[in-house]
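J.: Have a look at this one.
A short reminder: the numbers here are calculations on the coordinates, not readings from a lab. Every value quoted in this text rests on a predicted model; they were computed, and no experiment measured them. So basically every Cβ, Gly included, is an ideal-geometry build from the backbone, and we count neighbours across all protein chains shown.
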Amino acid sequence: MEALFFYLFGGLAVITALVTITRRDAVTSAFWLIACFLNVAALFAMLSAQFIAVMQILIYAGAIMVFFLFVTMFLGEPRRVRLNRGRAIPLISTVTVLLLAYLLMRITNTQHRGFPSISDSYGSVAMVSRKLLVDYVFLFEVTGLLLLVAVIGAVYVARKPRTGVGEGEGHV
Amino acid sequence: MSWTELSYIAPILWLVAGGVVVLLLEAFVPRRDSDHLSIVSAVFLVLAGLSANTGLVRTSQSLFHGVLRADAFGSFFALIFVIIGLLTVSLGAVYLRRQSTPMPEFYVLVLFATAGMMLLASSTDLVSVFLSLELMSIGVYVLAAIERNSSRSQEAGFKYLILGAFASAFLLYGIALIYGTTGTTQFEVLGARMGGNAALAGNLVFWAGWGLIIVGVGFKVAMVPFHQWTPDVYAGAPAPVAGYMAAGVKAAAFAVLVRLIWTGMPLLMDKAAPLLMGFAIVTMTFGNIVALAQSNLKRMLAYSAIAHAGYLLVGVLAISGHADDAATRGILFYLAAYALMNIGAFGAVTFVSRRRGERSELAGFAGLARRHPWVSFFLAVCMFSLAGVPPTAGFWGKFYVFGAVIQQGMVGLAVIALLNSAVAAYYYLRVVVYLYMREPGEDAYIGDDVQASAAIGVAAILLLWIGLFPSSVLELARLGAAALARTF
């Protein structure tokens, strides 16, 4: 049963990844990449890595893809964005294939001995939240402060300069 | 998080509260000028300074599961940062008054960034180091770019942001490698594991981690070859911000560097000493030689900031790890003096600047003593102190640091540092020559602001006072150094 799901999600991940890199339209590519991330998240979930699975969806499929799409749209005319198929492509693909071959060789040759076993609760929601809200609660709060400063800074830098003092411009 | 634990970080909490109050005041009670916000900020800084005293009692308390440590070392820096913050707020108020657009964010960012500096100086966990370094840096990135209609200020902020983000990435990668090889990010556990682990000493990945951390911190202190941003950013950022960066960011980054070196004693020092020595020599020599050729006071101070990073690195090399470590004491003293003289020197630029554009050409300072005898005197004191001439605080800073270096038997290094100081004296004293012995040209600078001259005056008088009576500051520095010795 587990093997079935593994091949299902694994196969889908590979297929969607292939579709992603063969699309000519950047926005379509981005959506296929989201599908790919969702399948990878399912693989993580099958490995009982709940936290990584959730983060995969929240951060990669969520935040980072939204960011990609924003950038693509800000650049304007997303339909006309042709992905670069320059002369470097053969070189890049050769290097990639070689790297992949090397990795596969190493993985198949590795003797599986002495991997430290990790407890079942490792990476679970309970364990992550204990780290985050008990052990590192102070730094959790500092992160909040850091984000506040980043927002103040970003708003200040991104907003149009206020012109005169007397011109009654609104406050942010 | 108990109340007792929170009471130990009261200075940081006051600053954060101050930042939020100023932010809300600006949003809900908007006014045309922002002078009242400078007073509110100053009040919170004073409260932070008053509460920082508690840590100077001989306590050393680990807080929040080993993330921070409340000790005399952190409190020493907290006091430095409060003084830096007060002088910056006061010079910033002068600067903001001249701007046609209100920018009350200045105070908010100074308060938050100062809180970040205090956190950095008390951090005893690499995660906390990273977060507080970012808290400080993000505030300073925006401060450097605070002048929206000046392209130079925008460029300074942008340059600092991009390069700073690179440096942070290096730092973070280094932290990851150290965590990967030791399984901990806490200084004290890390120190213990480094002490009793022979395998670690030969682990290349582990040392790569340390190397990347030194790159990240080296960027913040403007160590050659990670200094390229310094001249442009110092010259482009408004003078009060440049002074704040030179004084505060450098002190905070050196605080964490010293704590890290103590953590990794003696293994880290054995391995890193040749490398750090190379960095130290190149940094001070490069900074001094290029500073000789500068005709702009702010650029000159930027290269001088690089040179001073070199002197401080020389001091770091002399850290012995003994209970009464002279080098650590010297570094703390030096940083206190260095903060005052830089804020004073950049304050002089604020003093002569105008509504349109900043004025920092050395030629414009010619004959300033005739029009503004007091400000010229204060600026001269700062220059003498930067050059290390007695009886100023700068002299004692160099005396204690180089003395510790000689004590450690590194006479050659001390000689190189002294030769460098002699070269540096030329360009610092040239400013004094301009002030007193040159005829003012047609475009000689005039200043009119009482508040700016008062701020420079406070810095200069403190420099003289510490120079004449160094024992009180030295005692505080001794307590700070002793706190590290007790921990590690």
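J.: Using the basic label-point model (7 angstrom from Cα toward the beta carbon), what is the A:M1 to B:R97 distance in nanometres?
T.: Spacing of the two 7 Å Cα→Cβ label points: 7.7 nm.
J.: If you don't mind, another one. Dipole of the stretch B:1-149, Cα-centred, from +1 at each Lys and Arg C-beta and -1 at each Asp and Glu C-beta, to the nearest 20 debye? Each step should come with its number before you reach the end.
T.: Details: 7 positive and 9 negative charges, 56 e Å.
Charge dipole of the stretch B:1-149: 260 debye, to the nearest 20.
J.: State the dimensionless ratio Rg/Rh of the stretch A:1-79 (Rg: radius of gyration of Cα atoms; Rh: Kirkwood radius).
T.: 1.05
J.: Could you give the alpha-carbon Rg of chain B over 2.2 N^0.38 Å, rounded to two decimals?
T.: Relative to the rule-of-thumb radius for its length, chain B sits at 0.92.
J.: Right, another one. Counting only other chains, and only Cβ atoms inside 10 Å, what mean value do you get across the residues of A:140-147?
T.: For peptide A:140-147, the averaged partner shielding equals 6.
J.: Would you mind pulling out the separation of the Cα centroids of the stretch B:319-371 and the stretch B:143-177, in Å?
T.: About 23 Å separates the Cα centre of the stretch B:319-371 from the one of the stretch B:143-177.
J.: What number, rounded to the nearest 500 deg cm²/dmol, is the helix-based mean residue ellipticity at 222 nm of the protein assembly as shown, given -39500 (n - 2.57) per DSSP H run of at least four residues and division by all its residues?
T.: Calculated mean residue ellipticity at 222 nm is -24000 deg cm²/dmol.
J.: Next question, about the same structure. Rank B:A52, B:G394, B:F365 by how far each Cα sits towards the positive end of the charge dipole of the stretch B:3-487 (+1 on Lys, Arg Cβ; -1 on Asp, Glu Cβ) and give me just the farthest.
T.: Most positive-ward Cα: B:F365.
J.: What do you get when you divide the Cα radius of gyration of the protein assembly as shown by 2.2 N^0.38 Å, with N the number of residues?
T.: Its radius of gyration relative to the 2.2 N^0.38 Å reference: 1.04.
J.: Based on Cα coordinates alone, diagonalise the gyration tensor for the stretch B:1-146, multiply each eigenvalue by 5, take square roots, and list the semi-axes in whole Å, largest first.
T.: Value: 28, 15, 13 Å, ordered largest first.
J.: Using the alpha-carbon atoms, what tilt in degrees (0 to 90, nearest 10) does helix B:450-468 show relative to the longest principal axis of chain B?
T.: It works out to around 50 degrees.
J.: Ranking request for peptides B:434-440, B:198-204: highest mean number of other beta-carbon atoms within 10 Å first, then the rest in descending order.
T.: Put in order of decreasing packing, that is B:434-440, B:198-204.
J.: Which percent of the Cα-Cα distances in the stretch B:92-174 go past 15 Å?
T.: Of all Cα-Cα pairs in the stretch B:92-174, 61 percent lie more than 15 Å apart.
J.: How big is the stretch B:220-370 in terms of Cα radius of gyration and Dmax, in angstroms?
T.: 16.7, 56
J.: Using the Cβ atoms and a cut-off under 9 Å, what net charge is assigned to the surroundings of B:V67, where Lys and Arg are +1 and Asp and Glu are -1?
T.: In short, -1.
J.: Report the one residue of B:L476, A:I89, B:L335 whose Cα lies farthest in the direction of the positive end of the charge dipole of the protein assembly as shown (charges on C-beta: Lys and Arg +1, Asp and Glu -1; origin at the Cα centre).
T.: The Cα lying farthest towards the positive end belongs to A:I89.
J.: Of A:L33, B:V224, A:S48, which is farthest along the charge dipole of the protein assembly as shown in the positive direction, counting Lys and Arg as +1 and Asp and Glu as -1 at C-beta?
T.: Ranked along the dipole, the leading option is A:L33.
J.: What lysines could a cross-link reach from B:K398, if we take a straight Cα to Cα line under 20 Å and drop same-chain neighbours fewer than 8 places away?
T.: Correct list for B:K398: B:K250.
J.: Here's another thing I want to ask about it. Determine the dipole magnitude for the stretch B:3-487: charges of +1 sit on the beta-carbon of Lys and Arg, -1 on that of Asp and Glu, nothing else is charged, the reference point is the Cα centre, and the result goes in debye to the nearest 20.
T.: Taking the Cα centre of the stretch B:3-487 as origin, the dipole is about 440 debye.
J.: Right, another one. State the extension gain, in nm to one decimal, for the chain segment bounded by A:M73 and A:Y102, taking 0.36 nm per residue of separation less the distance between their alpha-carbons.
T.: 6.7 nm
J.: Could you check the simple spin-label distance between B:H322 and B:V46, using points 7 Å along Cα→Cβ, in nm with one decimal?
T.: In this crude label model, B:H322 to B:V46 measures out at 4.3 nm.
J.: Let me ask something else about it. What angle, in degrees between 0 and 90 and rounded to the nearest 10, separates the Cα long axis of helix B:204-220 from the longest principal axis of the Cα atoms of chain B?
T.: 20 degrees
J.: With +1 on the Cβ of every Lys and Arg and -1 on the Cβ of every Asp and Glu, and nothing else charged, how large is the dipole of the protein assembly as shown about its Cα centre, in debye rounded to the nearest 20? The partial results should precede the final answer.
T.: Numbers: 42 positive and 31 negative charges, 238 e Å.
Roughly 1140 debye, rounded to the nearest 20.
J.: Could you let me know the centre-to-centre spacing of the stretch B:393-422 and the stretch B:190-266, using Cα atoms, in angstrom?
T.: 21 Å
J.: Can you give me the angle between helix B:126-144 and the longest principal axis of chain B, using Cα atoms only, in degrees from 0 to 90, rounded to the nearest 10?
T.: Approximately 10 degrees, to the nearest 10.
J.: Still on this structure: For B:L68, which sequence-distant residues (separation of 5 or more, or a different chain) have an amide H within less than 5 Å of its own amide H, given hydrogens modelled in the peptide plane?
T.: So B:L68 has HN proximity to B:L63, B:T124.
J.: Still on this structure: Restricted to Cα positions, what overall size does the stretch A:124-164 have along the principal axes? Three whole-Å values, descending.
T.: 53, 18, 8
J.: ³J(HN,Hα) across the stretch B:372-389 via Karplus (A = 6.51, B = -1.76, C = 1.60, θ = phi - 60°), whole Hz, x for Gly/Pro?
T.: Listing the rounded values in order: 10, x, 5, 4, 4, 4, 4, 5, 4, 4, 4, 5, 4, 5, 4, 6, x, 9 Hz.
J.: Right, something else. Rounded to the nearest 0.05, what FRET efficiency do B:I446 and B:V282 give with R0 = 35 Å and r taken as the Cβ-Cβ distance? Could you check?
T.: So, using R0 = 35 Å, E works out to roughly 0.30.
J.: Which pairs break 30 Å Cα to Cα here: B:K159/B:K271; A:K131/B:K271; B:K220/B:K271?
T.: Those over the limit are B:K159/B:K271; A:K131/B:K271.
J.: Please give the FRET efficiency for B:L275 paired with B:M1, using the beta carbon to beta carbon distance and R0 = 41 Å, rounded to the nearest 0.05.
T.: Between B:L275 and B:M1 the formula returns 0.55.
J.: Now for a separate question. Output the relative contact order of chain B, whole-number percent, from Cα pairs under 8 angstrom with separation of 6+ residues.
T.: Relative contact order, chain B: 16 percent.
J.: Just to be sure I understand the model, the point goes 7 Å from the Cα along the line to the Cβ. What's the resulting A:A154 to B:R371 distance in nm?
T.: 4.5 nm
J.: Based on the Cβ-Cβ distance from B:R31 to B:E439, what FRET efficiency comes out when R0 is 30 Å, to the nearest 0.05?
T.: With R0 = 30 Å, the Cβ-Cβ based efficiency is 0.10.
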